[in-house]
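Have a look at the structure below before the remarks.
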Amino acid sequence: MRIIDAHAHLLDERGYIDGLLCAMDACGIERCCISGLGALFGFADDTAVRGAFRQHPDRFIGAVYIQPGPDTPDKIDRARQDGFRMVKVTLPWSAYDDSAHYPLWARAEALGLPVLFHTGVVTTRVEAPQERISSWNMHPMRLEPISRAFPKLKIIVAHLGIHWNDDAAELARMRPNVYVDLTGEPGGWRARVDAVGVEKWLWWPGAFDKVLFGTDVHYTKIARAVREDTERMDRLRLPAATREKVFAGNILNLLGEDAA
């Protein structure tokens, strides 16, 4: 079965790319969609991400980091020209659905780039009051107006909303262009997902047709994330066709690639 990690990051650590590639090989992960959010998170930046996917075009898919407020649609244009194929969004200076940010979503829609939105409480390596961080601005329901204004925009709600799980799940159920991932640290909110039972939120027939596999962890924890996701699918007795969509088909479809 093909596995594409739809939500991974490039950390600012010596040898991280080599470590990530080894972890991918050990877990059977074909490709990773990677982004860098900079020093505030302890991550690399867009320049390093570009270097990684150019050096390993068969293993990495680049997601450019956009911060609504300081960043403009021109950054998305330049990123697309540089070979980036996704957009990663977090830390908006105002709510995601602020009309001031609509030019960003319009540009991503026009270029056919999936947009991965962080949702829920955000953690950074250092405090940064100058960034105007408000997790309320990243509530999953902030994406509803965007999904309506830009019906062809491919929206991915990261972490199933973290603690706004009901809202994120129902948004994916009701809006055709909204997907979710279940990424996060082992032992963090993912442990609650399994303790409560993810079927509490993803309860409807075909719910996992809107789910993307991703890790969003240090490469040393990727194997655990793959194992936990696989065990969850076993418990839920998901059919093979659904697992193929979760592990690769859904993200490949959003990227405009053939999942076969």
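Scanning the range 177-201 for residues that are free of Cβ contacts under 8 Å to residues at least 24 places away in the same chain and part of a loop (DSSP other than H, G, I, E, B) yields a total of 3. The set of residues in the range 21-31 that are touching a Phe, Trp or Tyr at 6+ places or on another chain (Cβ under 9 Å) and over 24 Å from L160 (Cα atoms) comprises L21, C22, A23.
For the range 212-260, which residues satisfy the criterion of being over 19 Å from the mean Cα position of the chain (by Cα), among the aliphatic types (A, V, I, L, M) and over 16 Å from V198 (Cβ atoms)? A240, A241, A260, listed by residue number.
When A172, A168 are checked against the criterion of being over 15 Å from N250 (Cβ atoms), surrounded by 23 or more Cβ atoms within 10 Å (Cβ to Cβ) and either among the hydroxyl-bearing types (S, T, Y) or in contact (Cβ under 8 Å) with a residue 24 or more places away in the chain (or both), a single residue qualifies: A168.
Checking each residue in the range 25-58 for being in a helix (DSSP H, G or I), surrounded by 15 or more Cβ atoms within 10 Å (Cβ to Cβ) and modelled with pLDDT under 95 picks out L40, F41. Scanning the range 102-120 for residues that are more than 15 Å from the chain's Cα centre (by Cα) and surrounded by fewer than 23 Cβ atoms within 10 Å (Cβ to Cβ) gives Y102, P103, A106, R107, E109, A110, L111, G112. Beta carbons closer than 6 Å, at least 6 apart along the sequence or on distinct chains, pair a first residue in the range 48-61 that is within 11 Å of G36 (Cβ to Cβ) and in contact (Cβ under 8 Å) with a residue 24 or more places away in the chain with a second that is of a type outside the set (A, V, I, L, M, F, W, C) and in a helix (DSSP H, G or I) for R50/D82.
The values are calculated or read from the model by the stated rules, or taken from the named source; none is laboratory data. Just so we're clear, the structure is a prediction, and the values are computed from it rather than from any experiment. No Cβ is skipped: glycine too gets one built from the backbone with ideal geometry, and neighbour counts run over all protein chains shown.
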